[in-house]
Amino acid sequence: MFLAWRELVFARARFGLMGGVVALIAVLVVLLSGLASGLVNDGVSGLQRLPVTAFAFAQGTKTDSAFSRSSIELAQADTWKKRDGVADAAPFGNMLANAKARTAGGAEIPIDLALFGVDPGSFLSPEVSSGARLGADLTGIVVSQTVLDEGLSIGDTVTIDRLGTRLTIVGTTGDQRTFGHVDVAYIPLRAWQRMHAGAGPADEVRESAYQEATAVALRLKDGAGTDAVLAAGDTAAGTTSMMLKESYSASPGYTAETSTLTLIQVFLYAISALVVGAFFTVWTIQRRHELAVVRAMGASTGYLMRDTMIQAAVILVTSTAVGFLVGVGGGAFLTETPMPFALEAAPLAFAALLLIFLGLAGAATAVGRVVRIDPLTALGGNR
């Protein structure tokens with residue numbers, strides 16, 4: 001440890017340069033982690049906040065686009081509700097719509113909405129932080145807080161493009177709820193069925209439209225065998241079930257975005273390990289004579305490994321901490337912008353530990369062969 005600390009002080013410029021590179025990598029890790037969390041929230045936060053265990057879609061529906069392709073009948077929801085192991089089941093409607101909102105001051109704001117059709121009396125009906133919950137009024141909607149952040153307020157009117165259907169904001173969930181990067185609006189299922197059928201306020205609607213929904217939202221009993229319950233229910237109802245987390249992939253762009261960012265993060269971690277490993281390879285080769293002297297004095301291989309790993313740990317921990325502080329500080333400004341960016345403690349802690357671990361692994365791999373060198377050979381005793 002004496003040698004390790006002395007070298008850190010003596011070669012502080014070189015170690016400082018290496019630490020700066022690690023800190024920059026740490027900043028990138030924070031920004032990518034925040035972007036990944038932000039994209040997930042912006043893509044599926046509306047699904048995440050549903051009190052749902054799983055969704056049952058129409059049989060044979062493609063899993064990567066289930067919410068836009070699936071169409072089930074209300075009778076299938078009734079079948080699911082009677083199944084053993086199912087605490088509750090309710091029809092769930094999902095569609096994207098372009099709309100224009102008119103504020104109390106007369107301003108018109110174009111907005112996009114992900115309409116979640118739910119029965120007002122079902123477990124899917126959202127709690128509100130202000131205003132009123134969904135009720136018998138088919139024109140009332142409860143919106144995500146992000147809708148109000150765009151300049152709207154409770155009582156404002158929203159008109160669906162092409163259909164001309166006028167909806168009134170009656171309440172807000174008080175938090176972000178988005179689907180496919182579009183703000184969520186909860187609407188009574190019967191009103192959703194009319195719009196899904198393409199009917200305007202004065203249009204006739206085929207009777208079968210009121211028997212349709214996108215999927216069956218399922219809430220299973222605690223302790224129920226999930227796989228067995230879902231498999232038996234699918235057979236009885238003629239559906240294909242997906243657990244809630246699995247259904248995220250049916251959100252537009254979710255799989256492509258998350259897989260791309262994950263691949264970038266993997267490469268970044270690999271680069272950090274290679275950079276740290278390369279630095280300690282060169283550094284250890286430069287100090288091989290000093291290490292040989294220490295070996296000749298009786299130091300074991302384990303001692304030299306610990307000595308070198310202490311140096312690596314000091315650099316990695318210090319640099320990672322500095323980089324994360326800078327990244328979190330910069331990320332705090334990004335959270336106030338329209339960019340989907342969110343800083344979450346758990347992903348950041350995991351990223352920091354993984355960055356340090358891979359750096360130590362790279363350092364250990366680099367110095368392993370050098371510290372086992374014969375002292376006489378390193379000191380030129382073979383000449």
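Couple of notes before you dig in:
- The stretch 241-312 - Debye-derived log10 I(q)/I(0), Cα point model, q = 0.22, 0.23, 0.25, 0.28 Å⁻¹: -0.98, -1.02, -1.09, -1.19
- Span-like helix ranges in the chain, DSSP H, alpha carbon extent 30 angstrom or more, Kyte mean at least -1.0: 12-48, 254-286, 301-334, 345-368
- At R0 = 41 Å, FRET efficiency that the Cβ-Cβ distance of residue 288 and residue 24 yields, to 0.05: 0.90
- Per residue solvent-accessible surface (Å²) - the stretch 103-262, probe of 1.4 Å: 43 Å²
- Neighbour cut-off at most 10 other Cβ (10 Å), DSSP loop, GluC sites (Glu not before Pro), the stretch 220-305: none
- Dimensions of the stretch 193-279 along the principal axes, based on C-alpha atoms and rounded to the nearest Å, stand at 73, 40, 19, largest first.
- Alpha-carbon spread of the stretch 87-225, three principal axes, descending order, Å: 53, 36, 27
- As an equivalent ellipsoid, the stretch 124-172 spans semi-axes of 17, 14, 8 angstrom, where each value is the square root of five times an eigenvalue of the C-alpha gyration tensor, largest first.
- Solvent exposure ordering (accessible area, 1.4 Å, most first) of 269, 303: 303, 269
- The chymotrypsin sites (Phe, Trp or Tyr not before Pro) found in the stretch 64-166 that occupy coil by DSSP, while having at most 15 further C-beta atoms within 10 Å, are 123.
- Net charge dipole, the stretch 1-83: roughly 180 debye, given to the nearest 20, about the Cα centre with Cβ charges of +1 for Lys and Arg and -1 for Asp and Glu.
- Under-28-angstrom lysine pairs by C-alpha in the chain, whenever the two are 8 or more apart or on separate chains: 9
- Å³ per residue enclosed by the Cα convex hull of the chain: 181 Å³
- Mean-position separation - Cα centroids, the stretch 317-367 and the stretch 125-160, in angstrom: 38 Å
- Mean shadow area of the stretch 33-145, taken as a quarter of the surface of its Cα convex hull (nm²): 9.9 nm²
- Per-residue surface analysis assigns residue 95 an accessible area of about 40 Å², computed on protein heavy atoms at 1.4 Å probe radius.
- Across the stretch 8-153, Cα pairs under 8 Å and at least six residues apart give a relative contact order of 12 percent.
- Solvent-accessible area assigned to carbon and sulfur over the stretch 1-63 amounts to 70 percent, based on a 1.4 Å probe.
- Separation between Cα centres of the stretch 224-289 and the stretch 1-56, rounded to whole Å: 16 Å
- Gain on full stretching of the segment that runs from residue 109 to residue 130 - 0.36 nm per residue minus C-alpha separation: 5.4 nm
- Residue-level accessible surface for residue 365, protein heavy atoms, 1.4 Å, Å²: 110 Å²
The values are calculated or read from the model by the stated rules, or taken from the named source; none is laboratory data. Quick caveat, the model's predicted, so the values are computed rather than measured. Ideal geometry is used to build each Cβ from the backbone, glycine not excepted, and the neighbour counts take in all protein chains shown. In case anyone asks, the SASA skips ligands and DNA or RNA and just uses the protein heavy atoms, side chains included. Shrake-Rupley method; radii C 1.70, N 1.55, O 1.52, S 1.80 Å.
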